[in-house]
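J.: So that we are looking at the same thing, I have put the structure below in structure tokens.
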Amino acid sequence: MFLKVGKRLGHILPVLLGISIVSFGLIQLTPGDPARMILGNKASVEAVEAVRERMGLNEPVLQQYGNYMLNLVQGDLGESLRYQQPVSELIMQFLPVTGFLALYVIVLTVPLTILLGILAARNRGRWIDQLIRMTSVLGMTMPVFWLAMLMLRIFSVELGWFPVSGFGTGFVGHLHHLFLPAVSVSIYLIPVLVRNLRAALLEEMNADYVVASRSKGLPEGYIFRRHILKNASLPTLNLFGVLITWLIGGTVIVELVYAIPGLGTLMFNAILGRDYSVIQGLTLFYAFSTVIITLVTDMLSALIDPRIEL
Amino acid sequence: MIARWPKSLRFGAGIVLLWLIAAVLAPWLTPADPYAIDLDNTLRPPGGDWLMGTDHVGRDVFTRVVFAARIDIWMGVMGVLAPLLIGVTIGLFAGYFGGLFDSVMMRIVDITLAFPFLILVLAIVAMLGPGITNFIIALALVAWVSYARLIRADVMVVKNAEYVQAARTLGFSSPLIIFKHVLPNTISPIIVYAMTDMVLVVLAGASLGFIGLGVQPPTAEWGAMIADGQAYITEAWWVSFFPGLAAVSFGIGLSLIGDGLARMLRIGDT
Amino acid sequence: MIFTRLLICCLLIFLTTVIPKSVAGEEDEADIIRIVSLYRTQTLDPIKSVFTGSIEAFGQLYTRLLRLDENDELIPGLALRWEISADATDYTFFLRKAKFSDGSPITADDVAFTLLRMRDDPEAAYSETVEDMQNAWAIDDHTLRVRFNSANIPFLQGVETAFLGIVSRADVERRGSVDAFSDIPVSSGPYQVVEWRRNDRLILEPNPHYWRAGYPLNDGAELIEVVDVNTRIAMLQAGEVDAVRYIQNSHFAELSEDPDVVLPVEPAMRVSVLLLNHDRPPFSDKRVREAAALALDMDRITKAMLRGRGRTANTLLPEQLEFYDPDFPGWEYNPDRARQLIEEAGATGADVTINITAPDSDWEMAALIVQSYWGAIGLNVIIQKMDQALYEQRLEDGDYDSSIEWWYNDSKEPDLAVRWALCGSCGNRAYYTNYQNDRVDELVEMGTAEMDPDRRREIYREIQALAFRDVAQIPLYYFPWPNAYSTGIEGLRLRPSTQWTLEEARRVP
């Protein structure tokens, strides 16, 4: 087991290296000039050149990459080209917001997903299953920005129940401010998750050992709790892992609509402003967390079910 | 045969078929030119000459909603087909042969998966410039990994199945085995996934439209129309509502097909 | 059973989230003015950006020698009075006693440093004002002398612009030109920085040493950055902010019905234009450019775009500028003549691109309208929407056919305006259009040095006429700032030169 974890950790390095190369390459190929984006269109070509020079953008590409990697190895993600602030500081400034939102979404989605998933699976084909399916299809197909804007109009502007924008102060303030954003994300996510969970549960329900238990005359509710739920925990766990990794990068649109100062907003603005070092730093951060979360999920799976290989 | 289809599949196929017909017959079904602006008749409410009203430059919303079906179906199909072909091919070969090719491909999969989807698409579109073609290219570069992973996992199982081993002992060539025996036995979940994926593709296109990097104006596309109309939501709700309705109905159709197929092919359902 | 527990859980979460608002009651009572804007604060160094967002922040942090009164006329700022030599090469400013936010005195030496820094720093974004400056030095602590190589009339207007906000020499030399502005700079204006949350907001508090006693009238301000216009407006309607910088035309109807919102018509020193690339066919042909202008029914476009909040532009200069020619006839709508010109030039069916920036539904609407008019005279128009960085790159590289733009001038002085927009040899190739008319360039230089106001008027009128007849660009319309304010505050407006009167703003008692 430890050996295998070590091997998986060993895989992380080439993946991160690959990601740094890909993101660096993408940036080099993208037209647009970070210096121009700070100075403005009236600025002279000379000023743009001077700023590029200071940013080190006039050096050969390979050298830039070399410098970047050299700093990275020392744990330095570099400085934002636009704000002259360390990228790690910027990430730390925006991470708590996105982290809070992600947790919030998990708290909202997981109980509901389990509830709806079980309901649908146990009542397969009946009206409640159909209802859950139809509403979830509806939730999945609504563009998230449209839904978010409608909710904002209704619950924030008309009814005044929730703030329009921002993160708030204090735990309760955060909960209050991020309620609508979390709900918007959940409405999109729950259908996907319920669908997966339902499928997983159904598969278990028709597994040989369940059929066997049933033929032994054990009550259906007992079988469900003792066997099916237990065995369905694996796919749920995996789903959970996918959910978290999705949440880290998937909240851009919602963050923009609700003006939440999170990582998605940071990344969006960095891409538009061609703030190379922030784009790169964030990409690596995203990648690293995805890889780690996937690894943790896989390890937990292996713990639950020893048949699973890491 | 259709009679044996599950209800949801029939219903979903019906909706999608209706949209397909609408897309093909768009010029004959609609009363106006989807691109003709009319500054004397902006933001007219539904009714009278305009079944679904007019938008901020006086274009007929109904006409545009119907014409948009062409773009959205094209976007959905191409946005799924391109990654599907790439992903399936790579997944098949990687899974069947294993070895170095497999390891390298799986590292590439890991790398791509580690990028948040929308952000990678956003970056690629920023690089290539907005437009449908570039959106599809971006999708092809990003979304193939899901297909590759899905099919590879199945191939690993199927390649050890008796009929494949039998084919191998009979001396059939690898490509023949892969396409004749392995592919048909692993493709079903891919098809089901592709249906859901198509919904996601159309949604991703809409999200890009919201950021302003979707289709180029004046192209009629549901996502872009919703995004444009959003600003008029209190003054003229119909500008964004009808394209929204169209997008949702199309999505429902696709989802139902996915559900029905899954049930028929007995994937994750029985 | 497990379901009931889960349900109770969900209910609890919902309650804890909804209740706080009613319990917590009103927020802080301090008189903080909040402005939400599309535009970003990119840097706090006044010489290093000409982007709108940054300029608006500079104005709050750095005082200038002169300032504007409520009618936007020049009045004494840090300088109590000034003298100009007869040949207009020497300027002497007599400064009042004032302090920086760190309590140190603002001396003539700091001002000289500010001016020289703008001239000499290679990273200075927009140093036209001091390009020809020979030297600036302190005669004593409160007397400053500025000398130009040749007569310089526009300078007085120039020192009012936000780029020449006065910075502390001691601080910049101590911390270095980058670090001095990277976090909390020493300010000389009405506010100082509490916190600059990059990518989010700039939080300001009153500068206790600000020389205008009693100002600011409020307890602080926040400049908040929000990308989506619908969100910005929702924030105003929900009472989270007091002003929205940049609403779109689409929101006028809705907001004008809101009793808690005011939509004043605030004149802006700006003009919207269609840029044409003179280096690339078909617009390298003057006949095609002229046809492109004649094809547009300007009044109709103005009406559709602005809904009565602005007027068609008749020259290429903003109407607020000095020596703007109000009597110039402008373009007439003549599609037949336009079609004929296109045919003569052999440009029928030619592909033309219009570049616009995303996401902006207003420019998209303008592009759609232009597309339809140009289509009617036989041009095949392709709209290209792209993100701003790509857009600026294409513009700078001359990789475009036409482009819908607006630009503003930082003061009433036409010198900066013509150098930026119409002069081919002044850098920036006449707003990246590659327009070149030697006579225009010559007149631009004459205008800078001409002391007689009547002669200056003639010069700038001639420039306007020449550039217009060459179809250097196509002027579209003059339009006010599209800002919306809460009725709860007074005294806040955006000057024509993009400066907030933030220090004079307060909550209505």
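Laboratory data are not the source of any read-out in this text; all were calculated from the coordinates shown. Treat the numbers as computed from the prediction; the structure is a model and nothing was measured. Here the Cβ is made from the backbone with ideal geometry for all residues, glycine too, and neighbour counts use every protein chain on show.
J.: Rounded to the nearest 500 deg cm²/dmol, what is the calculated helix-only ellipticity per residue at 222 nm for the protein assembly as shown, with -39500 (n - 2.57) per DSSP H run of length n ≥ 4?
T.: Calculated at 222 nm, the ellipticity per residue is -17500 deg cm²/dmol.
J.: Here is a further query. Projecting each Cα onto the charge dipole of the range C:446-509 (Lys/Arg +1, Asp/Glu -1 at the beta carbon, about the Cα centre), which of C:P453, C:N483, C:T501 comes out farthest on the positive side?
T.: Selected residue: C:N483.
J.: Looking only at other chains, what is the average number of their beta-carbon atoms within 10 angstrom of each beta-carbon in C:298-309?
T.: 1
J.: Still on this model: How high is the relative contact order of chain C, in percent, counting Cα pairs under 8 Å that sit 6 or more residues apart?
T.: 18 percent.
J.: So, one more: Provide the per-residue ³J(HN,Hα) series for the range A:220-225, in order, calculated from phi with Karplus coefficients 6.51, -1.76, 1.60 and θ = phi - 60°, each as a whole number of Hz, with x at glycine and proline positions.
T.: Along the range A:220-225, the couplings run 4, x, 5, 4, 4, 5 Hz.
J.: Let me ask another. Work out the length of the dipole vector of the protein assembly as shown about its Cα centre, built from +1 on the beta-carbon of each Lys and Arg and -1 on the beta-carbon of each Asp and Glu, and round it to the nearest 20 debye.
T.: The calculated dipole for the protein assembly as shown is roughly 5840 debye.
J.: In degrees between 0 and 90, to the nearest 10, how far off the longest principal axis of chain A does helix A:229-250 point, with axes built from Cα atoms?
T.: Long axis of A:229-250 versus the principal axis of chain A: about 20 degrees.
J.: Something else now. Starting from the Kirkwood radius over alpha-carbon pairs of the range A:16-73, derive D by Stokes-Einstein at 37 °C in a medium of 0.692 mPa s and give it in µm² s⁻¹.
T.: It diffuses with D of about 261 µm²/s by this estimate.
J.: Which value results for Rg/Rh of the range A:90-304 when Rg is the Cα radius of gyration and Rh the Kirkwood radius based on the inverse mean 1/r?
T.: Across the range A:90-304, the Cα-based Rg/Rh ratio is 1.04.
J.: Once phi is turned into ³J(HN,Hα) by the Karplus curve 6.51 cos²θ - 1.76 cosθ + 1.60 with θ = phi - 60°, what whole-Hz value does each residue of the range A:74-89 show in order, with x for glycine and proline?
T.: 7, x, 10, 7, x, 10, 4, 5, 7, 9, 6, 10, x, 4, 4, 5
J.: Return P(r) of the protein assembly as shown (all Cα-Cα pairs; 20 Å bins starting at 0; whole %; ordered from short to long distances).
T.: 11, 40, 34, 13, 2, 0
J.: In chain A, with Lys and Arg counted as +1 and Asp and Glu as -1 at Cβ, which of these residues, A:L193, A:G40, A:I132, has the Cα nearest the positive end of the dipole, that is, farthest along it?
T.: Positive-end residue among those listed: A:I132.
J.: If you don't mind, there's one more thing I want to ask. What share of all Cα pairs of chain B, in percent, falls into each consecutive 10 Å distance bin?
T.: 7, 25, 28, 22, 12, 5, 2, 0
J.: Quote to one decimal, in nm, the extra length available between C:A30 and C:E173 on full extension: 0.36 nm per residue of separation minus the C-alpha distance between them.
T.: Result for the pair: 47.9 nm of gain on full extension.
J.: Amide H to amide H under 5 Å from C:V261: which residues, 5+ apart in sequence or cross-chain, H placed 1.01 Å off N in plane?
T.: Those qualifying (amide H under 5 Å, at least 5 residues apart or on another chain) are C:T487.
J.: To the nearest 0.05, how large is the calculated FRET efficiency for A:V172 and C:D219 if R₀ is 30 Å and r is the Cβ-Cβ distance?
T.: 0.75
J.: What angle, in degrees between 0 and 90 and rounded to the nearest 10, separates the Cα long axis of helix B:7-24 from the longest principal axis of the Cα atoms of chain B?
T.: 60
J.: Averaged over peptide B:53-63, how many Cβ atoms belonging to another chain are found within 10 Å of each residue's Cβ?
T.: 2
J.: Something else: Going by C-beta contacts inside 10 Å, put B:D154, C:D110 in order with the fewest on the left.
T.: Arranged by neighbour count, lowest to highest, B:D154, C:D110 become B:D154, C:D110.
J.: Gap in Å between the Cα centre of the range C:147-176 and the Cα centre of the range B:92-161?
T.: Each part's Cα centre sits 56 Å from the other's.
J.: If one computes the Cα centroid of the range C:349-385 and of the range B:1-48, what distance in Å separates the two points?
T.: First find each Cα centre; the distance between them is then 27 Å.
J.: Sorting C:H251, A:H11 on the 10 Å Cβ count, fewest up front, what's the list?
T.: A:H11, C:H251
J.: Then there is this: On a C-alpha basis, how far is the centre of the range C:442-456 from the centre of the range C:44-106 in Å? Whole number, if you could?
T.: 24
J.: In Å³ and rounded to a whole number, note down the convex hull volume per residue for the Cα atoms of the range C:270-478.
T.: Considering the Cα atoms of the range C:270-478, their hull volume per residue is 110 Å³.
J.: Still on this structure: Let me see the P(r) profile for the range B:95-252: every Cα-Cα distance counted, bins of 10 Å, each bin given as a percent of all pairs.
T.: 10, 28, 27, 18, 11, 5, 1, 0
J.: In square nanometres, what is one fourth of the surface area of the convex hull spanned by the alpha carbons of the range C:367-485?
T.: 9.8
J.: Normalising by the residue count of chain A, find the relative contact order in percent from Cα pairs under 8 Å and 6+ residues apart.
T.: It rounds to 27 percent for chain A.
J.: Now, a different point. Just rank A:H227, C:H278, fewest to most, by other beta-carbon atoms within 10 angstrom.
T.: Final ranking by Cβ density, sparse to dense: A:H227, C:H278.
J.: List the residues, sorted by chain then number, that are 5 or more residues from C:R495 or on another chain and whose placed amide H is less than 5 Å from its amide H.
T.: Long-range HN contacts for C:R495: C:W500, C:T501.
J.: A further question follows. Pull out a ≥ b ≥ c, the square roots of the eigenvalues of the alpha-carbon gyration tensor of chain C, then state rounded if a/c is under 1.5, prolate if not and a/b is larger than b/c, and oblate in the remaining case.
T.: Oblate, because a/c is 1.5 or more while a/b does not exceed b/c.
J.: According to the square roots a ≥ b ≥ c of the eigenvalues of the Cα gyration tensor, what is the shape class of the range B:1-155, taking rounded for a/c under 1.5, prolate for a/b larger than b/c otherwise, and oblate for the remainder?
T.: In terms of gyration-tensor shape, oblate.
J.: Under 9 Å from the Cβ of B:R59, count the other residues' Cβ atoms, weight Lys and Arg +1, Asp and Glu -1, and hand me the total.
T.: So the surrounding residues net to -3.
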